[in-house]
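The values are calculated or read from the model by the stated rules, or taken from the named source; none is laboratory data. Just so you know, these numbers come straight off a predicted model, no measurement behind them. Every residue, glycine among them, receives a Cβ derived from its backbone with ideal geometry; neighbour counts consider all protein chains shown.
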Amino acid sequence: MIARESIPCYQGVSLRRGSNFLYLSPHILLQPYIANYTISFPTSQTMPDEYTVLPTASSTLVISVSADRIVSSLRGVNTKACHVGAYANKMKLLLLIEFHPGRLYPFIGIDQFELVDSSFMLDELDKTLTQALENELMQSEGIETLVAALDRILMARLRDGHTGKGIAAIMRDIVQRHGKISAWELAAESHYSEKQIRRLFLHHVGTSPKLFSRIVRANYALRLLQNKPGCLTDIAAQAGFFDQPHFIHDFKMVCGLTPQEYIRKMSVFYNDRFKM
């Protein structure tokens, strides 16, 4: 199994890195589906116990290695803030496979609405996939070897007939417009009915298109807050809100806290810019 010393020794290309973590790209054929592989050796110094993942329309497969066991779990679309720091800090090693919104379904074929705001033991859903991933994590002594193994396993799992290209195009349109698009505009531009779009979203993404758009807009506002934390009026306008009170109301509805609360303790909150 890879060791903490593998992180500073790794000479390959990374999306992001720190003293105890790496964000790595999957194989180019997997990149439309998987945002990144994250390898982390968590500590309370770098990840406080109150560390919180903010809402996202993405799903994450997590393999956790503690002193005496290895556990694989699958987290569906996260529409609520989720505290992860205390759990992570009990682990020696975390391996995360972070999927783009709506892009987990081609690998497991499970209706995504069943996974929303829930975490499942992966072996209850797919024992074969669980065993393959855990075996490779335990046997790989280098990061390059591990990433190549993950690519091989996941490419073999990809079901071409379940890629949802139509819904992917609609999601891409919503993300490019930062969530500022109505249901009737989506229907007119995609040539699907509003009812069809809702059904496709619940099946492939797990949320309604309206909630997906709200999450996208909130994540866009989060990125703006990180760059200009003192300009709420400007950020509200740039993110497409009618005024600052509407911005604060919708932000709190999605994220569970006000923009001001986020700014005060920004480092405790996490939203992954690679997934949206």
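Before moving on, here are some points about what is shown:
- From Ile170, Ile143, Ile153, residue being in contact with a Phe, Trp or Tyr (Cβ under 7 Å, 6 or more places away or on another chain), modelled with pLDDT of 90 or more and surrounded by 13 or more Cβ atoms within 10 Å (Cβ to Cβ): Ile143
- The stretch 61-77, subset touching a residue at least 60 places away in the same chain (Cβ under 8 Å) and β-branched (Val, Ile, Thr), residue surrounded by the most Cβ atoms within 10 Å (Cβ to Cβ): Val77
- Residue match in the stretch 244-262 (condition: of a type in the set (A, V, I, L, M) and over 26 Å from Ile167 (Cβ atoms)): yes
- Where helices (runs of 4 or more DSSP H) fall wholly inside the stretch 180-239, the ranges with 2 or more residues that are at pLDDT 90 or above, within 25 Å of the chain's Cα centre (by Cα) and crowded, with 17+ Cβ neighbours inside 10 Å are 194-204, 209-227.
- Matching residues in the stretch 107-119 - criterion: being crowded, with 16+ Cβ neighbours inside 10 Å and either under 19 Å from Ala81 (Cα atoms) or under 16 Å from the mean Cα position of the chain (by Cα) (or both): Phe107, Gln112, Phe113, Leu115, Val116
- Meets criteria (without any contact (Cβ under 8 Å) to a residue 24 or more places away in the chain, closer than 27 Å to Met266 by Cβ and surrounded by fewer than 18 Cβ atoms within 10 Å (Cβ to Cβ)) for Arg17: yes
- When Glu98 is tested against the conditions (1) surrounded by 14 or more Cβ atoms within 10 Å (Cβ to Cβ); (2) among the charged types (D, E, K, R); (3) modelled with pLDDT under 90, the lone failure is (3).
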